[in-house]
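Contents: one structure, followed by commentary.
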Amino acid sequence: MDIIQWFVAPLQHEFMVKAILVSALVGIVCSALSCYMTLKGWALMGDAVSHAVMPGVVIAYILNIPLAIGAFAFGVGSVIAIGFVKATTRIKEDTVIGLVFTGFFALGLVLISKVKSEIDLTHILFGNVLGISNDDIIQTVIISVITLGTLAVLRKDLILFCFDSTHARSIGLNTTFLYYVLLSLLSLTAVAGLQTVGIILVVAMLVTPGATAYLLSDNFDHMTLIAMASGVFSSVMGTYVSYHIDGSTGGCIVVVQTLLFIIAMIFAPKHGLLAQSAKN
Amino acid sequence: MSEISIDIENVTVAYHGKVALQSASLQLEAGTICGLIGMNGAGKSTLFKAIMGFVKPTNGRILINRLPIRQVQKKNLVAYVPQSEEVDWNFPVNVHDVVMMGRYGYMNLLRIPKARDKSIVQESLERVEMWQMQDRQIGELSGGQKKRTFFARALAQESTVLLLDEPFAGVDIKTEKMMINLLMELRQKGYTILISTHDLASIKTFCDKVVLINRTILAYGNTADVFTEENLSRTFGGSIGDLSLAKSFLTQEERRN
């Protein structure tokens, strides 16, 4: 009875229904993409892009255009900037990534501080899914449809690109195109994730479910399904927990994701710590 | 006389102004197995990349079956078998998935295999005796099985030009024999096979031609004419270890003869 009440009570508030549905959708979309991020080794890139979209979001606010457009421009722009600095100087890639994304992020902070009255910095940094507007919900749905649709159509090409880009090129696939497709999806989902967990924690949505699933499966399709299931579960449970403990929603979602990862790390049937030590 | 399959004329490749390959020329006929010999950094992988169209020569031209590289890629004319170090063996794909990737160039946008693709994948896996292992995740395979999987992918690609990068490194005798037999079969069918290898001992047994490379193509031609101590010392000139290895191998050969 208490457990049923625990799940039902929050649903009497419209904002909670919205928050749960939006978080679940964002969980699915980010998790689907997280499989590619994990396998391609793009965690740092995900962190960079999600921070670099900040000035784009602020400028979009000022110009009154959809946030996704501003974020997209700056997300892709930051990667082009990273590529340019890397190619033209002697500085190593991880340094360049660290340098570029903090530069963009700092620019975003300055912009926000100058237009403070209109934008709440904490909402951008830590998310505000409990107070999400209908416009933002529509935007999240559009981003989700674009991302899931693209992944569905290009799934096999993107897997091959992550696995063996040399072979992909040698059979005539346009690997530059695939690179920018992944990157664009990363920028778009960063905006979706920003609504729920905020800029700081977006990278967790884009990495943790994929990493959890990677420990549980040796098959890409199974991995994707497990990632998406763990993403939805974390989003919904995290939102519920945050309601009951009156804590940060984004924080709760990512804590649940991390707990799932730790469980997988210990108990995964083949790649878990217990299975590994049993083998030795 | 067979038709020229790999036609490289006066090709120079430079990265960031540094020349990796200088004025290289090479003509190989269809139906040839050719060994590519050189030290690390001598330009072997640059030559492979140029043939696959990954680097644009600053000078010269490359034709495969008389076609320029863009059309070569579209028509799936060149297949590449990578070194084991280049592959992410923890990637969640199985043996069958990898070989099916050899067919992507023939499929529609969604890469849905047709009956023909499936039968070619099966045939390719059977030829390298990996059909029974098709469901294994690639990390669970032995060194030889890993090589055979990627060799099967190249077979499934149905490309008539094969580039093999160190195909015999870390493989068992059974795999090496099986691959050499398959390569000889493919030569009969008119395939052109270019093998980069450190394994000088195996060159004489199955390579018709040899290319010696050190920043440029030093010599190429029939194995008997080109595979000489003088040429090898030019190839390995800077590297005493490799040179003495080559020399000791040659003296062994002479003793045996």
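The values are calculated or read from the model by the stated rules, or taken from the named source; none is laboratory data. On a predicted model such as this, the values are computed, not experimentally measured, just so you know. Glycine gets a Cβ as well: all are built from the backbone with ideal geometry, and neighbour counts include every protein chain shown. These area figures cover heavy atoms from the full protein model, side chains too; ligands, DNA and RNA do not enter into them. Shrake-Rupley method; radii C 1.70, N 1.55, O 1.52, S 1.80 Å.
General observations
- Only one entry in A:Ile200, A:Ile226 is in a helix (DSSP H, G or I), within 14 Å of chain B (Cβ to nearest Cβ), in contact with a Leu (Cβ under 8 Å, 6 or more places away or on another chain) and open to solvent by 30 Å² or more (accessible area, probe 1.4 Å), namely A:Ile226.
- Residue under evaluation B:Val11, criteria (1) touching a Phe, Trp or Tyr at 6+ places or on another chain (Cβ under 7 Å); (2) assigned to a strand (DSSP E or B), criterion not met: (1)
- Take the conditions (1) at pLDDT below 90; (2) open to solvent by 10 Å² or more (accessible area, probe 1.4 Å); B:Arg61 misses just one of them, which is (1).
- Residue match in segment B:147-154 (condition: open to solvent by 10 Å² or more (accessible area, probe 1.4 Å) and in contact (Cβ under 8 Å) with a residue 40 or more places away in the chain): no
- Of all residues in segment B:79-123 being among the polar types (S, T, N, Q), closer than 15 Å to B:Lys146 by Cβ and more than 8 Å from every other protein chain (Cβ to nearest Cβ), the one that is surrounded by the fewest Cβ atoms within 10 Å (Cβ to Cβ): B:Asn90
- Count - residues of segment A:139-172 that are under 20 Å from B:Val78 (Cβ atoms), surrounded by 20 or more Cβ atoms within 10 Å (Cβ to Cβ) and not charged (D, E, K, R): 7
- Residue list for segment A:229-258, restricted to those being in a helix (DSSP H, G or I) and either among the small types (Gly, Ala, Ser) or exposed (fewer than 13 other Cβ atoms within 10 Å of the Cβ) (or both): A:Ala229, A:Ser230, A:Gly231, A:Ser234, A:Ser235, A:Gly238, A:Ser242, A:His244, A:Ile245, A:Gly250, A:Gly251
- The number of residues in segment B:56-112 being assigned to a strand (DSSP E or B), more than 19 Å from the chain's Cα centre (by Cα) and either among the basic types (Lys, Arg) or under 30 Å from A:Gly41 (Cβ atoms) (or both) comes to 2.
- Residue among B:Leu67, B:Leu26 that alone is in the same structural domain as B:Asn222 (by TED's automatic domain parsing) and within 29 Å of B:Asp199 (Cα to Cα): B:Leu26
- Among the residues of segment B:1-23, the ones that are among the charged types (D, E, K, R) and open to solvent by less than 60 Å² (accessible area, probe 1.4 Å) come to 1 in all.
- Any hit, segment A:29-39, residues being open to solvent by 50 Å² or more (accessible area, probe 1.4 Å) and either within 27 Å of A:Thr175 (Cα to Cα) or of a type outside the set (D, E, K, R) (or both): no
- Residues (within 11 Å of chain A (Cβ to nearest Cβ), out of contact with any Gly (no Cβ under 9 Å at 6 or more places or on another chain) and without any contact (Cβ under 8 Å) to a residue 40 or more places away in the chain) located in segment B:54-78: B:Phe54, B:Gln71
- Screening segment A:209-223 for residues that are over 14 Å from A:Ala43 (Cβ atoms) and not in a loop (DSSP other than H, G, I, E, B) and picking the one that is most open to solvent (accessible area, probe 1.4 Å) gives A:His222.
- When A:Leu206, A:Leu183 are checked against the criterion of being within 30 Å of B:Ala79 (Cβ to Cβ) and open to solvent by less than 20 Å² (accessible area, probe 1.4 Å), a single residue qualifies: A:Leu183.
- Residue that is nearest to B:Tyr106 (Cα to Cα) [pool: residues in segment B:160-178 that are within 12 Å of the chain's Cα centre (by Cα) and not β-branched (Val, Ile, Thr)]: B:Leu162
- Residues that are under 16 Å from A:Gln195 (Cα atoms) and either polar (S, T, N, Q) or touching a Pro at 6+ places or on another chain (Cβ under 6 Å) (or both), drawn from segment A:223-261: A:Gly231, A:Ser234, A:Ser235, A:Thr239, A:Ser242, A:Ser248, A:Thr249
- Counted residues, segment B:22-53 - those being touching a residue at least 24 places away in the same chain (Cβ under 8 Å) and over 25 Å from A:Thr175 (Cα atoms): 18
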